[in-house]
Structure formats: C-alpha cells, structure tokens
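Below is one structure, written out as structure tokens; comments come after it.
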Amino acid sequence: MTGPARLVDLQPGERALIRDLAGEGPLVQRLLEMGLTEDEEIEIVRFAPLGDPVEIQIRGYFLSLRKQEAAAVLVERL
C-alpha cells in the first residue's frame, strides 16, 4: 500500500480503498448517495478518450464520474 491519492490520479486497472471525500457539501452528498463511502474498494475501469468521464467499478456495479467528482475522492492504493 502507498500513501493517499486522488481517484483521478489512478490508472485503469488500479484498485484502491476510499479514505475520504473532499469538496463542497452538495458534491460530497452526491458521492455518498452513489455509494462512495469510506473503506469501500474501487477499481478504475477506463477513462473516456479525452479523460472525462472516468468509469469505476464499486460494490459490483459500474459508475461514471466527471473528472471534477473523481478529484474529490481521496483513496489509498492497494
């Protein structure tokens, strides 16, 4: 395991644990409602051709996040 990173900094195929959510209240609330909670394992599936959005896999389903949203997710690489 390595130190903290932002979700947007990971590469396709990398897995990580969510450690914290940063940002304004509505953004954090939206991420929580999508299932991005602390200690949940996620995997980067792919980035769109221009880098936005990013597709992740969490809790057995696929989710696409804007780059701005992914930057608010602080993770610890596995």
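What follows is calculated from the coordinates using simple rules that are stated; it is not laboratory data. These numbers were taken from a predicted model, which means no experiment stands behind them. Here the Cβ positions follow ideal geometry from the backbone for every residue, glycine too, while neighbour counts run over all protein chains shown.
For the list (1) under 10 Å from Val75 (Cβ atoms); (2) part of a helix (DSSP H, G or I), I need the number of the one condition that Leu32 fails.
(1)
Starting from region 51-75, keep only residues that are closer than 19 Å to Gly13 by Cβ, then list their pairs with residues that are aromatic (Phe, Trp, Tyr) and in a strand (DSSP E or B) whose Cβ atoms are within a distance under 7 Å, requiring at least 6 positions of separation or different chains.
The qualifying pairs are Val54/Phe47; Glu55/Phe62.
Can you pull out the residues in region 35-48 that are surrounded by fewer than 16 Cβ atoms within 10 Å (Cβ to Cβ) and in a loop (DSSP other than H, G, I, E, B)? Give the derivation first.
Residues of region 35-48 that are surrounded by fewer than 16 Cβ atoms within 10 Å (Cβ to Cβ), as a first pass: 35, 37-41, 45-46, 48.
Matches in region 35-48: Gly35, Thr37, Glu38, Asp39, Glu40, Ala48.
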